[in-house]
Amino acid sequence: MSDELLYETRGPIAIITINRPESRNAINLAVRVGLRDAFERFDEDPALRVAILTGAGDRAFCSGMDLKEAADGGALAKPQLPNLGDNMKLSKPVIAAVNGFAYAGGWLLAQMCDLCVAADTAKFAITEGKVGRGMWFAAPLVAMLGSRIALELLLTGKAIDAQRAYEIGFVNRVVPAAQLMSAAEALAGEIIECAPLSVAGARELVAHAMNMGVTAATEVGKQIFRPVYASEDAKEGPRAFREKRKPQWSGR
């Protein structure tokens, strides 16, 4: 990792931090490269179960594209920003820990994560319309939030606070800023307590349900979970319950 993208592990949790606080954690080439490397590193490590994506400092999670670099043509350099679920697939969940402004590309980073915990000082906005850019990445918001909410965000470019983001279903939990990382790690811990195959199946099920009707998604869900029911972990769960102990998941 470069100095502009930090990577650390805390037990089964990977912490990925955009480290450009002086630029409100704007996305430049180093961040794009670093994020892709970090997500690949996380996904390939069998000891890791959940990743948390956050920004350095207390002002910004990510303010979007580095417009200074974009003005010099640097935004055209490869690779693209990794967009989980679109141009990059992960097999394990990622939590966004939003510590400040999440604007434009910063909104996208929060949107692409499986779950989102926000500081009570966080702000969210899709500001592309204000600088003459497009917002193709916002297509999933129609399913996530409904067309009226999505259109208001896209057409006005105005920011909403963490509480409003929670009310419309974009944020899972809002906590005092000082408690943000501990809250994100606690949520990760709740996921880690569940069987890895069940967690993976749940993510796949929701992804399919976002893209097809309920009946079709239900049929796909049956296929997804058939091997889960036949797994060693499916036997371990009831056995641990009977023996009044925590399950020892094997992921098999």
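Read-outs throughout are calculated quantities, based only on the coordinates presented, and are distinct from any laboratory measurement. In this text, all values refer to a predicted model and were calculated from it rather than measured experimentally. Here the Cβ positions follow ideal geometry from the backbone for every residue, glycine too, while neighbour counts run over all protein chains shown.
Miscellaneous remarks
- Here each label is just a point 7 Å from Cα along the line to Cβ, and for D58 and E232 those points are 4.7 nm apart.
- Rounded to the nearest 20, the size of the Cβ-charge dipole of region 196-242 about its Cα centre is 140 debye, with Lys and Arg at +1 and Asp and Glu at -1.
- Around the Cα centre of the chain, unit charges on the Cβ atoms of Lys, Arg, Asp and Glu (plus for the first two, minus for the last two) sum to a dipole of about 520 debye.
- Of all DSSP beta bridges in the chain, antiparallel share, percent nearest 5: 25 percent
- Multiplying the residue separation of K68 and R252 by 0.36 nm and removing their Cα-Cα distance gives an extension gain of 61.4 nm.
- For M88, the residues whose amide H sits under 5 Å from its own are N83, ignoring neighbours fewer than 5 places away on the same chain, with H placed 1.01 Å from N.
- A dipole drawn for the chain from +1 and -1 charges on Cβ atoms has a positive end, and of T121, F241, Q111 the residue lying farthest that way is F241.
- For region 130-197 versus region 39-59, the gap between their alpha-carbon centres in whole angstrom: 18 Å
- Between the residues G85, A216, N25, the greatest Cα displacement towards the positive end of the dipole of the chain, with unit charges on the Cβ of Lys, Arg, Asp and Glu, is found for A216.
- Check: region 126-206 dipole with +1 on Lys, Arg Cβ and -1 on Asp, Glu Cβ, in debye: 380 debye
- Annotation: the residues C62, C113, sorted from fewest to most other C-beta atoms within 10 Å of their own C-beta, follow the order C113, C62.
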